[in-house]
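Q: Below: one structure in structure tokens.
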Amino acid sequence: MTVIVTLFADLRRFLPTGADGPQRYTLRDGATVADLLAAIGIAPGTELTAAVNGDLARPDTPLADGADVMLLSPMEGGVGGILRLP
């Protein structure tokens, strides 16, 4: 399956060299947000907020073909929603 990922703020450092904007990642069927983060190279323990198709997501949130994933760094203020990888 293929998902489309947009990285914001300092997470943009995980973009491939010279790339800009949303990126496509191919994952096995049944992959989760945690699987995607591993494929991108985001280390376990990294604090971030993930949204899948506009809804907050957890590491065990399953992904579907064509999912739109946004990954954001934590910001000052606001309420929870930070994803902490095991």
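Q: Taking the residues in region 61-86 that are at pLDDT 95 or above and surrounded by fewer than 18 Cβ atoms within 10 Å (Cβ to Cβ) as candidates, determine which candidate is nearest to residue 11 (Cα to Cα). Before you say what the answer is, go through the steps one by one.
A: Going through region 61-86, the residues at pLDDT 95 or above turn out to be 61-71.
Next, only the ones that are surrounded by fewer than 18 Cβ atoms within 10 Å (Cβ to Cβ) stay: 62, 64-66, 68.
Working: 62: 21, 64: 22, 65: 23, 66: 21, 68: 16 Å.
This residue is 68.
Q: Let me ask something else about it. Kindly indicate whether residue 26 is polar (S, T, N, Q), in contact with a strand residue (DSSP E or B) (Cβ under 9 Å, 6 or more places away or on another chain) and surrounded by 13 or more Cβ atoms within 10 Å (Cβ to Cβ).
A: Values: polar (S, T, N, Q): yes; in contact with a strand residue (DSSP E or B) (Cβ under 9 Å, 6 or more places away or on another chain): yes; surrounded by 13 or more Cβ atoms within 10 Å (Cβ to Cβ): no.
No: the conditions fail for residue 26.
Q: Being free of Cβ contacts under 8 Å to residues at least 60 places away in the same chain, at negative phi and out of contact with any helix residue (DSSP H, G or I) (no Cβ under 7 Å at 6 or more places or on another chain) narrows it down to one residue among 57, 31; which is it? Walk me through how you get there before you give the answer.
A: On the way: 57 fails: out of contact with any helix residue (DSSP H, G or I) (no Cβ under 7 Å at 6 or more places or on another chain).
Unique residue meeting the criteria: 31.
Q: Follow-up. Tell me, which residue of region 20-60 that is modelled with pLDDT of 95 or more and among the basic types (Lys, Arg) is nearest to residue 3 (Cα to Cα)?
A: Selected residue: 24.
Q: A follow-up question, please. So residue 21 fits all but one of (1) over 22 Å from residue 64 (Cβ atoms); (2) exposed (fewer than 10 other Cβ atoms within 10 Å of the Cβ); (3) not charged (D, E, K, R); what number is the exception?
A: Condition not satisfied by residue 21: (1).
The values are calculated or read from the model by the stated rules, or taken from the named source; none is laboratory data. Predicted, not measured: the structure shown is a model, and the values here were computed from it. Neighbour counts run over all protein chains shown; Cβ positions are idealised from the backbone, glycine included.
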